[in-house]
Amino acid sequence: MTQNFKPNLVGYLCNWCSYAGADLAGSTKLEVKPFLSVIRVMCSSRVNSNLVLSALLWGADGVLVAGCHPGDCHYEQGNYYARRRFALLKKILESLDLEPERIQLSWISASEGKRYAEVVNEFSDKIMRLGPSPFETNPKI
Amino acid sequence: MSVRIGVYVCECGPNIPDKIDIDKVLEDIAPLNNVAAAKRFRLLCSNDGKKYLADEIRKEKLTHLVVAACSPREHEKTFMQVCVEAGLNPYLFQMVNIREQCAWMIPDKAEATRMAAKHIRAGISRVALHGPLSKKELTVNPDVLIIGGGISGIEAALSLASKTRKVAIIERSDSLGGRTGKLSRLLLHQGTDVSVLREKIEKIEKDENISVLTGCEVTDIRGFLGNFEVRIESSGEEAVSRSIVVGAVVVATGCELWDGYDPAVYGAGNIDDVVTAAEFEDMIAAGKILLKNGKPPRSVALIHCVGRKEKGYCSKVCCLYALKFAHHLRDSRAPAEVYEFYSDLCLPEKTDQEYFDGAVKKGVHFLRTENVRVEKRNGHIVVEHGDGAGKKKTLEVDMAVLAPALVPPPGSEKLARMLNIPLDETGFFKEAHAMLDPVAAPIEGVYIAGCASGPKNINESVVQAQAASGKILSTLVPGKTLEPEVKISVINEDLCTGCQTCLSVCFYGAISFQAHKGVSAVNEAICRGCGSCVGSCPSGAISSRHFTYRQLYEEIFEALR
Amino acid sequence: MNPNILVLGAGVSGIEASLLLAGAGRTVHLVEKDMLIGGQTIKFEEVYPNLECSTCMVAPKQQAVLQSANIKVYLQSELEKLEGALGAFTARITKKARYVSLANCIGCGACYEPCPVSLNNPFEEGLSTRKAVAVPCAGALPNVPAIDPEQCLHLNGKDRNCQACKEACMFDAILFDDKDETFDLEVGAVVVATGFELQEATKFPQYAYGGGKNVYSALEFERLFASNGPTEGKLILRDGRTPQSVGIIHCVGRKEQGYCSGVCCMYAAKFSRFIKHKIPEAKVCEFHTDLCIPGKTYQKFHDQTRSLGVEFVRAESVGVAAKNGGLEVAYQNVDRGPGTFKADMVILAPAMVPRRDTPELSERLGLKQDSRGFLASRRGGLSPIETDIEGVFVVGCAQGPKDIPESVAQAEAAVGKILSLIPEETG
C-alpha cells in the first residue's frame, strides 16, 4: 500500500435509491472520502461490462455500482439483472488477473445516508489497501 | 454552429463557498473548450437567480447550460424550466451536484474543490454531447374496455361512462352481476340491500354510453395506454368476432370458490347435505334451507378455512359470510343449532366484531380447530375436529356448509399473457405496486379491480373499481394528449442482430420483434427509460437517450483525469 | 361547479389523491396539520409484506407533491369550518405561523445547532429531542424547519434577546414576526384523509407501560428501528442494553374498542423479523388472539416469520409486570393454561383509533361520527368513502383501520368519484 495513494474511483448510482441515499449522506453532513466520482444512471441495470471495464481500462482503481435493494427496484427488476451481470464480471476480472474486489455492487436505499457513507468509505479503504490498478503493467490487458 | 456552454456555479448562500474555493474552480474550467461563460451566483434557484440565468442564456447566446449547485433531484426541473423560458432546449442542460455530494460530505476544502472541479468538468464534457430531445404528444382514445361484468366491472362502467367516453363491458357468461348477483342478502349490518346491484344493472342497461357484450371473450389485445386494439369473440354457437379500439382496459374478472379440496376430508359432492357456500346462498335466495329429505336442518356446521392450508392464504370474506349464514339460521322461525369451525376469526373491519358478538348472543357456537374432517358415519354427518390441545372430538349435525378458498377463475393465465401482465404465485393478477398502486397492472393502461387481484369483499371491490376509474379519469382525458417518457431507449437497426435479448429483459413489454426486418424495435409510448435493454444488448445496438455510452464515457474520462 | 379540491391530510392517502387530481389538471389545496408531509408511513423503516424501504417508497411522491404546480400545500394548517355544497364549498383554514420562510430557507440546517432549547420530538414518539427550531427527522419534506413558539425563548418572551437561529441564517429565512393566518378556500369537493392514532398505552395499566420501563408502543418501536430514528436503527433498550428476549402483545385495546384493527398481526410479524435479523440469538414471542392476516400475501409472510424461530402463543388475559430488573409477561395459553415469559423488552400493538380531534373535525365538516368514533360513511351504499354530504369523501384510516394499499385505493376512488361528479367542462 502506497502511503499517499489517492485512489481514482468511479461510482454508478441509480437515480431512485442510491443517488438519493448519497444526497442524504450529504445533507446529514456525513464524512465521505473524496475519491469517488459519481455518475448518475436511471437504473443499475444500465450498467454493464462496457461501463465497468472501460472505467478500469482508462485507469480507475475501483468501480462501485449502487442500486436499490432487491425487490425495491423502481423499474421492478433492473437490479436483479445488475446482480447477475456482476457475478459474471467478477469472473472476467479474475481471468484478467485483476483483483475482483476492485469492483463492487452495493444496495443502498434512499433513506440509507449512513450506509452510503460506510459503503464508499470502506470501498475506498479496500482499494487503498489493494493499491493502484495494475492495469498499466498488466501483460494480459 | 459553435458550441457555447455556460457554466454557472451556485453558492447556495454560505453552503458552498465555505467548503469549496469557487474562484479556483472557475479558473480551472473557464479555459476549457467550448466554455463561453463561467460565473458564480449567490442563489440560482431564487427568482433573481432564475432571471439571471435566463438573461445569461440569451446574452451569451448559450447553446448548452451547466449549473453546479445542489442535487438535481432538488432543482433539475427548475432549471430545465428556465431553459424553456429562455428558448433553450431543456435537455441541453446538465446539473452538477456540488452541494450534497461535495461541499457537504468532504470536510477538506482542497479535496472538496478538487472533486467539485472534476464533476463540473465531467458535466461540461457530457453536456456537449446532449441531444435536443423533445416531448412527444400522443393522442389518446379515451374509451375503456372492462373485462368482467361482476360488481367491480359494473361499478367501473358506471363511474367511467360519459358522452365523451364510451365503455364496453365484456362478460363471458350470459348476464351481468357475477357472484354478487347470486346473493340474495348482503351483510345486513352494513345497511345495504342487494337491490343496490339490480339498480346498478338497470342504470347500465339504460346508459347509451355503455355497451354490454355478454357471452363474449377477449381473444387478442395489442397496444398501449391510449391505444389498445382488442379482438372480441362470442363464446356461443354463432362465432361473432369484432375489433374495438380503447384507451384503457380494466380487468375485473373476479374469482371463484375453490373446488379442488379432498372430498374424503370435506365430504362435499360425496355426502348429501354437505354443501358449499354458493349452494347455501342459493338456498337462501330460494327462501328455503332444506335437507335432501325435504326437512329443515336442526343443526348446521359451518366449516371455515377449507383450503386455507392448501392454498397458503386466508380468503378474507368467509368469516363474515359464515356469520351472515349463522345470523340467518338463528333468525329463522325454527332456528337451527349453528356450529362454526374456524382456525382464526378474521374480522378486520370496524363493524365486524360487533357482527360476531351479535352471533354469539344469538347462541351460535364457535369452535376453534386446526384440523377438521366432515364424514358420514352411520348415516349421519359427523364433523371431526381437533382442539388446541390435540384432542379429537366429534359432532353430529344435519347439514354442513363449506367455506372454500377464493381462487382465480379459469382463463386468468390466458388473459395475463394476452395483456402481458403478470400473475403472482397465487395465480391472481399482480399489482403494479403492492402498496402504492393496488389497482394498476405493471403495464400502463391496464387496471385491475376487485377479486381479480386477490380475495376481497364487496365494499373493497367497489372501492377498487372506483379507484381504477379515478386513475383512468385522471390520465386519459378526452381531447388531451399523453406525454410519454422522453429519455427512452432507441435501437439502431443496422447494429441489431435480432437476438431479442432486450425483449426478454424489458419488464414493460416495450420492445417487439419486427420479424419482417429481423430486428427489434422500442415502442416509444411504453418505454420507461430504465436502460435494462441497453445494458443487456450484446451488439451495443441500443442506446439510451440522455444516457448514451458516449455521454457516460465523457464522465468517466473526466473522473479519471 | 368549482373544479378545485380540498384535501385534508398529507399522509399516503392525501398525497395519492392530490397527485391524481393534479394530474387531471385540477388545483388541489392540500391542508396538513403537521409541519411536514408524509403522515405516519414515513415513520416506518420498512412496510410489510415486501419489507420495502418506506421512505424510498414515499419520497418520490412527496417530492412530486412539493414540486407540482397544481398542488398548493398548507402546512401547520387546519380546517376551521366547511360550508356549502357539492361544487361550491367554502373551507375556512387556519394556518399557524412557521416562523421560517418556506421560500427563502434552503434547508442547510445552520440554525439548529445554535438554538439553546431542546424539547421532546413528537415525530420520534418522545424517544429523542430536537431543538425549538428543527425539522422532525432527517429527510423530512419539505426540508425546512419550524419554530415551536411555546418553547422558543424569543417567541415565548423568556429571552427576547435570543436570536441565535436568525444570526446563523444566511438567507433571511427566520421570521420572528410571522403570524397565524386565517383564509378561505373555494372548492368543489373535499377529501378527508386525516389518518389515525394508536390508542395510548397508558390506558392499559396491565401492560406496565411507562415509568421508563422497556415497554414500547408500536410507533415507538417503529422509530427505534428506523435508520433515521433516535438510535439510527440500533435495537437498544432505554438503558443501552441489547434485548435478548422480546415479547410482542397483540390486541391491546381490542376488547375495549370492540373491533380488530386489522394491521397489527402483520406489523408485529414485521417487528419479529426485524428483531431476529438484528439480534439472531434473541428470543421473540408473539402473544395473540385470532390471527388477522387476510389476502393473498399476508399468510405467507406470517408463515415465513414462524420459520425464523419466532414463537406464537394464542393467549388471553395477557399482563406485563416489572420483575427482577426485567419484565415478565403472564398469560393464559388458550390451549395449555397459564404461563409466563421473561422479557427484556415488550412491544404493545394498540388499537388503531380515530384521532383525538375527530369530534371537533366532524363538527367542522358537518359529518357524523360512527359508533366507533370514526367519521361516518353514508349508509346504504356499497362504497365506504361516501359520506352524508355529497362531495365530501372520507378515505384511509380516518374512515376506519386499514392497511396502506386499501388507504391508497380509497384515495384513488375518491378521485374517481370527484372527477365524474365535477367534470372539467362545468368548471
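The values are calculated or read from the model by the stated rules, or taken from the named source; none is laboratory data. The shown structure was predicted, so the numbers you read here are calculated from the model rather than taken from an experiment. Heads up, the Cβs are rebuilt from the backbone with ideal geometry, glycines too, and the neighbour counts pull from every protein chain shown.
Table for the structure above
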item: Residue ranges of strands (runs of 3 or more DSSP E) in segment B:376-481 with at least 2 members at pLDDT 95 or above, within 12 Å of another protein chain (Cβ to nearest Cβ) and crowded, with 24+ Cβ neighbours inside 10 Å; result: B:446-448
item: Test: residue in segment B:509-526 that is facing chain A (nearest Cβ under 8 Å) and assigned to a loop (DSSP other than H, G, I, E, B); result: no
item: Spans of strands (runs of 3 or more DSSP E) in segment B:199-301 with at least 1 residues under 30 Å from residue B:432 (Cβ atoms); result: B:210-214, B:216-224, B:227-234, B:241-246, B:248-251
item: Scan of segment B:130-148 for residues that are among the aliphatic types (A, V, I, L, M) and either over 30 Å from residue B:462 (Cβ atoms) or surrounded by fewer than 20 Cβ atoms within 10 Å (Cβ to Cβ) (or both), ordered by number; result: B:133, B:138
item: Counted residues, segment A:17-42 - those being in a loop (DSSP other than H, G, I, E, B) and either closer than 21 Å to residue B:557 by Cβ or within 7 Å of another protein chain (Cβ to nearest Cβ) (or both); result: 9
item: Segment A:51-79: number of residues that are part of a helix (DSSP H, G or I) and either at the interface with another protein chain (Cβ under 7 Å from one of its Cβ atoms) or in contact with a Ser or Thr (Cβ under 8 Å, 6 or more places away or on another chain) (or both); result: 6
item: Unmet criterion (only one of (1) modelled with pLDDT of 95 or more; (2) crowded, with 22+ Cβ neighbours inside 10 Å) for residue C:90; result: (2)
item: Where residue C:193 falls short, out of the listed (1) crowded, with 23+ Cβ neighbours inside 10 Å; (2) over 30 Å from residue C:422 (Cα atoms); result: (2)
item: Counted residues, segment B:341-375 - those being over 29 Å from residue B:262 (Cα atoms), touching a Lys or Arg at 6+ places or on another chain (Cβ under 7 Å) and modelled with pLDDT of 95 or more; result: 2
item: Output for segment C:384-398, where each listed residue is without any contact (Cβ under 8 Å) to a residue 40 or more places away in the chain and buried (at least 24 other Cβ atoms within 10 Å of the Cβ); result: C:384, C:385
item: Number of the condition not met by residue B:11 [criteria: (1) in contact with a strand residue (DSSP E or B) (Cβ under 9 Å, 6 or more places away or on another chain); (2) modelled with pLDDT of 95 or more; (3) not hydroxyl-bearing (Ser, Thr, Tyr)]; result: (2)
item: Count of residues meeting criterion [free of Cβ contacts under 8 Å to residues at least 40 places away in the same chain, buried (at least 24 other Cβ atoms within 10 Å of the Cβ) and among the small types (Gly, Ala, Ser)] in segment A:47-67; result: 0
item: Residues that are out of contact with any Phe, Trp or Tyr (no Cβ under 6 Å at 6 or more places or on another chain) and crowded, with 24+ Cβ neighbours inside 10 Å, drawn from segment C:24-43; result: C:26, C:28, C:30, C:32, C:37, C:38, C:39, C:42
item: Every pair of residues 6+ apart whose Cβ atoms lie under 8 Å, when the first sits in segment C:41-54 and is facing chain A (nearest Cβ under 9 Å) and under 15 Å from residue B:434 (Cα atoms) while the second is among the β-branched types (Val, Ile, Thr) and buried (at least 24 other Cβ atoms within 10 Å of the Cβ); result: C:54/C:42
item: Counted residues, segment B:350-370 - those being free of Cβ contacts under 8 Å to residues at least 24 places away in the same chain and facing another protein chain (nearest Cβ under 10 Å); result: 3
item: Options B:250, B:274, B:212; residue that is closer than 30 Å to residue B:511 by Cα and either surrounded by 17 or more Cβ atoms within 10 Å (Cβ to Cβ) or outside the structural domain of residue B:165 (by TED's automatic domain parsing) (or both); result: B:250
item: Answer residue from segment A:83-134, given it is of a type in the set (Asp, Glu) and within 14 Å of chain C (Cβ to nearest Cβ) and is surrounded by the fewest Cβ atoms within 10 Å (Cβ to Cβ) among those; result: A:118
item: Hits in segment C:321-336 - residues which are assigned to a strand (DSSP E or B) and either of a type in the set (S, T, N, Q) or within 18 Å of residue B:345 (Cβ to Cβ) (or both); result: C:332, C:333
item: Strands (runs of 3 or more DSSP E) enclosed by segment C:38-129 - at least 1 residues per element that are of a type in the set (Asp, Glu); result: C:77-85
item: Subset of segment C:396-420 (residues that are closer than 18 Å to residue C:19 by Cα and more than 9 Å from every other protein chain (Cβ to nearest Cβ)); result: C:396, C:407
item: Hits in segment C:372-395 - residues which are at the interface with another protein chain (Cβ under 8 Å from one of its Cβ atoms) and small (Gly, Ala, Ser); result: C:380, C:381, C:383
item: Selected residue (only one of B:77, B:51, B:19 is part of a helix (DSSP H, G or I) and within 26 Å of residue A:13 (Cβ to Cβ)); result: B:77
item: Residue selected from segment C:93-136 under the condition among the aliphatic types (A, V, I, L, M) and under 21 Å from the mean Cα position of the chain (by Cα), by the criterion nearest to residue C:200 (Cα to Cα); result: C:127
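Quick grid of which residues meet (1) buried (at least 19 other Cβ atoms within 10 Å of the Cβ); (2) more than 17 Å from the chain's Cα centre (by Cα):
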residue	(1), (2)
C:212	no, yes
C:220	yes, no
C:231	no, yes
C:236	no, yes
C:251	yes, yes
C:263	yes, no
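Yes/no matrix, rows are residues, columns are (1) over 30 Å from residue C:90 (Cα atoms); (2) touching a Lys or Arg at 6+ places or on another chain (Cβ under 9 Å); (3) more than 14 Å from every other protein chain (Cβ to nearest Cβ); (4) in a loop (DSSP other than H, G, I, E, B):
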{"residue": "C:265", "(1), (2), (3), (4)": "yes, no, no, no"}
{"residue": "C:274", "(1), (2), (3), (4)": "yes, no, yes, no"}
{"residue": "C:280", "(1), (2), (3), (4)": "yes, no, yes, yes"}
{"residue": "C:284", "(1), (2), (3), (4)": "yes, yes, yes, no"}
{"residue": "C:314", "(1), (2), (3), (4)": "yes, yes, no, no"}
{"residue": "C:319", "(1), (2), (3), (4)": "yes, no, yes, no"}
{"residue": "C:338", "(1), (2), (3), (4)": "yes, no, yes, no"}
